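These notes concern the structure reproduced below.
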Amino acid sequence: MSCVIFAPVAASEDMLAQVLSAARLPTDDLGDPGRAFFALSDDAGPIGFIGLEGTGADRLLRSRVVLPARKRWGYGGLLVAHAEAHARQDGVERLHLLTQTVPDFFRSRGYRPAERASAPASITSTAQFASLCPASATYFVKDIA
Ligand SMILES: CC(C)(COP(=O)(O)OP(=O)(O)OC[C@H]1O[C@@H](n2cnc3c(N)ncnc32)[C@H](O)[C@@H]1OP(=O)(O)O)[C@@H](O)C(=O)NCCC(=O)NCCS
């Protein structure tokens, strides 16, 4: 792994929507308020993106994506770790997410599957929970405090 840089990225950044869209991840609500996105890159260019949504102690970990050519080099795990560190510094106590494709990836990073009904209202009211993610997606939560 070369020297990587983790930096905030605007929701309006074309590359963010393009990479998410190519991975079939939701892009409809990228520009809505209360979201923060981060980009991981190196000398060779963009590697991947990740986002946090919400304002309280419970936030949604979303828009997790690594460019196809850069997968399986540990960058996905690095993105998750950086987002967790950022969230922790911001006073977040729990991170929540939905995944249809990579449940084992999150299990091995300390996220535990839970019933959707057990999620707090601030999470169930997000667009991803309410409408953008399929009902078949598994809900995961992690205590990060
Ligand atoms: C999910 C995603 C972000 C993971 O990104 P990634 O950079 O490939 O992730 P990592 O390399 O950190 O880890 C992936 C796996 O590869 C393994 N791996 C990491 N580096 C490796 C290497 N050099 N050689 C072989 N395997 C390696 C890891 O052990 C990990 O396995 P584990 O989850 O069982 O521990 C990426 O696959 C992706 O963008 N997928 C499409 C979008 C998507 O599905 N996003 C999630 C929506 S819920």
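Observations
- Residue, nearest to residue 51 (Cα to Cα), within region 119-128, restricted to residues that are in contact with a strand residue (DSSP E or B) (Cβ under 8 Å, 6 or more places away or on another chain) and surrounded by fewer than 20 Cβ atoms within 10 Å (Cβ to Cβ): 122
- Screening residue 96 with (1) within 11 Å of the ligand (Cβ to nearest atom); (2) buried (at least 17 other Cβ atoms within 10 Å of the Cβ); (3) outside any helix (DSSP H, G or I); (4) of a type outside the set (Gly, Ala, Ser) gives one miss only, at (1).
- Taken across region 111-119, residues that are more than 9 Å from the ligand (Cβ to nearest atom), within 20 Å of residue 35 (Cα to Cα) and either out of contact with any Pro (no Cβ under 7 Å at 6 or more places or on another chain) or assigned to a helix (DSSP H, G or I) (or both) do occur, with at least one present.
- Boolean, residue 137 is of a type in the set (Gly, Ala, Ser) and more than 24 Å from residue 8 (Cα to Cα): yes
- Near pairs, Cβ below 6 angstrom, 6+ apart or cross-chain, from region 55-75 (without any contact (Cβ under 8 Å) to a residue 40 or more places away in the chain) to any residue that is assigned to a helix (DSSP H, G or I) and within 8 Å of the ligand (Cβ to nearest atom): 66/75; 66/76
- Between 85, 69, 135, the distinction of being modelled with pLDDT under 95, among the aliphatic types (A, V, I, L, M) and surrounded by fewer than 18 Cβ atoms within 10 Å (Cβ to Cβ) belongs to 135 only.
- Every residue from region 2-29 that is farther than 23 Å from residue 77 by Cβ and surrounded by 14 or more Cβ atoms within 10 Å (Cβ to Cβ): 11, 17, 27, 29
- Matching entry among 80, 65 (being within 14 Å of the ligand (Cβ to nearest atom) and part of a helix (DSSP H, G or I)): 80
- The listed residue being within 9 Å of the ligand (Cβ to nearest atom) and within 16 Å of the chain's Cα centre (by Cα), out of 35, 70, 107: 107
- Selection from region 135-145 of residues that are of a type outside the set (A, V, I, L, M) and under 19 Å from residue 51 (Cα atoms): 138, 139, 140, 142, 143
The values are calculated or read from the model by the stated rules, or taken from the named source; none is laboratory data. This structure is a prediction, so every number in the text was calculated from the model and none was measured. Using ideal geometry, Cβ is built from the backbone for each residue, glycine included, and neighbour counts are taken over all protein chains shown.
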